[in-house]
Amino acid sequence: FQDVKSAFEANYACMGIWCGVVGELFDDDMGVFYADIPLCSDSVFSEPNRLAGYLPDTNVLDHSVIDGDQLAIESALSTGDFGQAKSVYEDGGFSKSYAQVTVSPALSKGLPKGTPITGISKGSRAVFGTALESASAGASSIKIQYVVDDSSAPCFVGGLASADQVQDGCLADGS
């Protein structure tokens, strides 16, 4: 099994994915992650692509869609809806792609920042992300930073007006 797993992991980089996208092996019947299978190691995908020689420390793709936030702010201001403009300014919409979700039952152990998280979207597609912040055992709410790339369905919510939201790539209830 380990040889097959390692062979898959060795090809992640050429597929444009990494361990955080794949996550852990989950036993649907038992409702738990397999404890005896080690987590993937990104040693085969040791460094993301550099941009003009610079290695970003954050998800720059998420930041690259801030122009959509700017357009939403301008649109709200043009109609005098200052509250809506402030909401997009503070909470994003196209940028800041994260979800705050309720977990039930509450976490049985702590969840470190950066932990890979997977789920199913409202559009019935796989959703990948990481824990945006650490959460302690007993927490019933966590923030998940969505993976933003050219192949994922978008989840644009944040401070956007309901009519402007795109939720196909957002986590579905119960996933």
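The values are calculated or read from the model by the stated rules, or taken from the named source; none is laboratory data. None of these values were measured; they are calculated from a predicted model. Cβ sites come from the backbone with ideal geometry, for glycine too, and all protein chains shown count toward neighbours. Each accessible area value is taken on the protein alone, full model and side chains, heavy atoms only, with ligands, DNA and RNA left out. Shrake-Rupley method; radii C 1.70, N 1.55, O 1.52, S 1.80 Å.
Note on D36 and A106: with the Förster distance fixed at 30 Å, the Cβ-Cβ geometry gives a FRET efficiency of about 0.75.
Net charge in the neighbourhood of A85 (other residues with Cβ under 11 Å of its Cβ; Lys, Arg +1, Asp, Glu -1) is -3.
Pairs exceeding a 27 Å alpha-carbon distance, out of K86/K109; K86/K143; K5/K122; K5/K143: K86/K109; K5/K122; K5/K143. Each residue of region 78-84 was assigned a 3J(HN,Hα) from its phi angle through the Karplus curve 6.51 cos²θ - 1.76 cosθ + 1.60 (θ = phi - 60°); the sequence is 5, 9, x, 8, 5, x, 5 Hz, with glycine and proline shown as x.
Extending 7 Å from Cα along the Cβ direction at S141 and again at A7 yields two label points whose distance is 4.7 nm. Taken along the Cα-to-beta-carbon direction at a fixed 7 Å, the label points for S78 and V166 span 1.9 nm. Taken per residue, the accessible surface of region 69-161 reaches 56 Å², heavy atoms only and a 1.4 Å probe.
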